[in-house]
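Let me begin by presenting the structure, written as structure tokens, before commenting on it.
The values are calculated or read from the model by the stated rules, or taken from the named source; none is laboratory data. All figures in this text were calculated on a predicted structure; none of them were measured in a lab. Cβ coordinates were reconstructed from backbone atoms using ideal geometry, including for glycine residues, and neighbour counts include every protein chain displayed. In case anyone asks, the SASA skips ligands and DNA or RNA and just uses the protein heavy atoms, side chains included. Shrake-Rupley method; radii C 1.70, N 1.55, O 1.52, S 1.80 Å.
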Amino acid sequence: MKIPKSILHQSTSHLVWLMMAPLLIFAQSESRQPQAPAGADTRPAQTDSASAQLIKNYLTVTGALQAQPPLLNVVAQGRIKESTLERQFHLIETSDGKRRLTYSWTHLGRKHRVLYVHDGLQTWTQVLEPKQQTAHSYTGVDAQHFANQRWLLQPFTLPKRADYEFKYQGTALVAGRPAHMIKGYGKANIHSWFYFDQEKSLLTRWGGQGKIAGVTEAMDYQASQFKPVDGILIPSYIQLLAQNAPFGYIQVEQMTINQDLNEVSFFMPEHISPTLRQRPTVKN
């Protein structure tokens with residue numbers, strides 16, 4: 001495949017400008033989704049050179065390529081609005097594929113808190129408030145989307161996830177701006193797509209199959225604002241899209257990176273059922 005020249009060449013002064021200031025891209029909902037070629041959409045044996053160059057450009061302009069120590073995790077909190085439902089969130093994402101997301105909100109004077117976690121292999125959920133319930137496995141399309149589609153750390157954030165390969169798909173438009181699109185093939189060959197702005201090399205849109213209102217369809221995240229955190233640009237405002245139509249947003253209000261997570265558990269707590277014991281009968 002011939003790599004477009006716009007992928008190969010970046011302006012040094014332009015990269016410096018990106019590193020020194022937050023970026024605002026005016027969000028619109030226009031793009032095209034990747035279409036599977038005729039026949040089986042097979043996983044590539046390795047990432048092609050065009051995709052590798054796009055990823056390298058992205059890591060360079062965000063500062064992740066030069067970061068020492070490397071970007072290992074992001075801890076963020078803020079607000080998410082989906083249709084009419086608005087909630088607070090606390091999110092942990094790690095470069096090795098773990099996620100821990102807590103939603104909090106108040107309804108009719110009662111506090112609600114629900115936890116969703118992917119430990120790298122298993123996905124589970126637990127209601128914490130108003131009354132704590134037993135944790136249980138989280139399955140189906142929703143769980144697959146949660147485990148594979150990230151908000152802040154993508155599978156090519158260094159150190160690169162070994163369970164992904166990428167294939168260049170061509171050009172597209174994101175918010176009216178030309179972009180390059182690549183397709184990601186993750187565990188179990190689950191597909192994701194990623195759009196890199198042709199001029200700025202930033203990842204401005206990404207997504208995969210999800211479920212909304214009980215219907216499985218393409219669900220994307222589209223970043224319109226970025227914030228530097230310890231020298232690394234990370235999305236701070238993300239529009240939620242379903243079949244190209246906006247239905248909500250994520251507003252990140254606080255972010256930190258490379259936190260000590262030794263006290264944070266990603267594993268589903270065991271449910272221990274109480275055992276009823278009978279008092280032994282005393283024989284005379």
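So the values come out like this:
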{"quantity": "Around MET255: net Lys/Arg minus Asp/Glu count, Cβ-Cβ under 12 Å", "calculated": "-2"}
{"quantity": "Largest to smallest accessible area among HIS90, HIS107 [probe 1.4 Å]", "calculated": "HIS107, HIS90"}
{"quantity": "Solvent-accessible surface ranking, highest first, for ASP142, ASP163, ASP230 at 1.4 angstrom", "calculated": "ASP230, ASP142, ASP163"}
{"quantity": "Sequence-distant aspartates and glutamates (8 or more away, or on other chains) whose Cα lies within less than 16 Å of LYS81", "calculated": "ASP220, GLU253"}
{"quantity": "Percentage relative contact order, the stretch 57-161, counting C-alpha pairs under 8 Å, at least six apart", "calculated": "22"}
{"quantity": "Restricting the stretch 141-248 to GluC sites (Glu not before Pro) in coil, as DSSP defines it, with at most 16 other Cβ within 10 Å", "calculated": "GLU199"}
{"quantity": "The stretch 86-145 - percent relative contact order, Cα under 8 Å, separation 6 or more", "calculated": "22"}
